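Q: Please find one structure pasted underneath; my questions will follow.
The values are calculated or read from the model by the stated rules, or taken from the named source; none is laboratory data. Quick caveat, the model's predicted, so the values are computed rather than measured. Here Cβ is always computed from backbone atoms with ideal geometry, including for glycine, and neighbour counts include all displayed protein chains. Accessible surface is based on the protein model in full, side chains and every heavy atom, while ligands, DNA and RNA are left aside. Shrake-Rupley method; radii C 1.70, N 1.55, O 1.52, S 1.80 Å.
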Amino acid sequence: LSTSTVTVTPNNPVFTGETVNMKCVIKPDHSDWRYEWYKGNTTNRVTSQTSNHYTVNKNTLTIRGATESDQDHYWCKGQRDGRPQSSHFSSLYLTVK
């Protein structure tokens, strides 16, 4: 059975103005995982198109110049179509000081 976790760099709590990288780590790793990111709840999807503030690159969500409004729960969803077909949600609460 695979497991997933979300890691954050620099470590929580982060400070305003910092660039924050959240990484979704799913084990065992398959090359066909597709990743989606959500903020606040699992229906509010974060996409790179929203602004330059957020960048999504595969399993990593980058926040440039963190602000207090970025303090929230973040969810990573990993899905794969191969066998075994599965999807994962992991969450992390980001604290911004």
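Q: Among (1) open to solvent by 50 Å² or more (accessible area, probe 1.4 Å); (2) at pLDDT 95 or above; (3) in contact with a Gly (Cβ under 7 Å, 6 or more places away or on another chain); (4) not β-branched (Val, Ile, Thr), where does residue 66 come up short?
A: (1)
Q: May I pose another question? Filtering region 27-63 down to residues that are free of Cβ contacts under 8 Å to residues at least 12 places away in the same chain and of a type in the set (Gly, Ala, Ser), which residue is surrounded by the most Cβ atoms within 10 Å (Cβ to Cβ)?
A: 48
Q: Mind listing just one residue for me: the one in region 1-11 that is assigned to a strand (DSSP E or B) and at pLDDT below 90 and, of those, nearest to residue 95 (Cα to Cα)?
A: In this case the residue turns out to be 4.
Q: Among 31, 91, 87, which is of a type in the set (Ser, Thr, Tyr), modelled with pLDDT under 85, part of a strand (DSSP E or B) and closer than 19 Å to residue 2 by Cβ?
A: It is 87.
Q: Moving to a separate point now. Considering only residues that are in a strand (DSSP E or B) and not polar (S, T, N, Q), look in region 69-84 and name the one that is surrounded by the most Cβ atoms within 10 Å (Cβ to Cβ).
A: 76
Q: Looking at region 22-45, is at least one residue among the acidic types (Asp, Glu) and closer than 14 Å to residue 71 by Cα?
A: No, every residue in region 22-45 fails to be among the acidic types (Asp, Glu) and closer than 14 Å to residue 71 by Cα.
Q: Being in a strand (DSSP E or B) and open to solvent by 40 Å² or more (accessible area, probe 1.4 Å), is that true of even one residue in region 12-22?
A: Yes: region 12-22 contains one or more residues that are in a strand (DSSP E or B) and open to solvent by 40 Å² or more (accessible area, probe 1.4 Å).
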